[in-house]
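Report on the following structure.
The values are calculated or read from the model by the stated rules, or taken from the named source; none is laboratory data. Just so it is clear, the model here is predicted, and its values are computed rather than measured. Positions of Cβ are generated from backbone atoms using ideal geometry, with glycine treated the same way; all protein chains shown enter the neighbour counts.
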Amino acid sequence: MAHIIRSGAFLQQCWSVHPLCVTVARMEEGRTVVLSCSSCRSAHHVTVESVEARESAARTAGDHAPTTVPGDLLLNTCATVHRASMTLREMDVFQDSVVLRCAECRRHYVLRVSIFETHQK
């Protein structure tokens, strides 16, 4: 049985120590993003309150029209289709926020988090 810790501090510590090892593993029902760490073998569950999709500066400089698709739908698509290209870019446990980046779409997802959980094996 996995040990569950309900704090964002464990994700923040994990990401600060080995940022290249934390990847988006999957999206679960109930608006939960699961991040996995290949170094400490933890699964970090982030329950999302809201999603804001932002185009990267390089993408907005071109002739691309801004999208009207809701951020949570774009995030679900990226997490399914471009999962290997998604990385954790920023996080703040005091502001309850996480920023994910999809290198394939050149889009940032600002997640407002309601629950942080770390599942240790």
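Restricting attention to region 30-49, the residues being touching a Ser or Thr at 6+ places or on another chain (Cβ under 9 Å) and assigned to a strand (DSSP E or B) number 13. Specify the residue that is surrounded by the fewest Cβ atoms within 10 Å (Cβ to Cβ); the eligible residues are those in region 67-121 that are among the polar types (S, T, N, Q) and closer than 21 Å to Ser16 by Cβ. Restricting to residues being among the polar types (S, T, N, Q) and closer than 21 Å to Ser16 by Cβ, the top hit is Gln95. Can you name the number of the only condition in (1) exposed (fewer than 12 other Cβ atoms within 10 Å of the Cβ); (2) in a helix (DSSP H, G or I) that Cys14 fails? The failed condition is (1). Answer with yes or no whether Val34 is among the aliphatic types (A, V, I, L, M), modelled with pLDDT of 90 or more and surrounded by fewer than 16 Cβ atoms within 10 Å (Cβ to Cβ). Considered against the rule, which asks whether it is among the aliphatic types (A, V, I, L, M), modelled with pLDDT of 90 or more and surrounded by fewer than 16 Cβ atoms within 10 Å (Cβ to Cβ), Val34 comes out as no.
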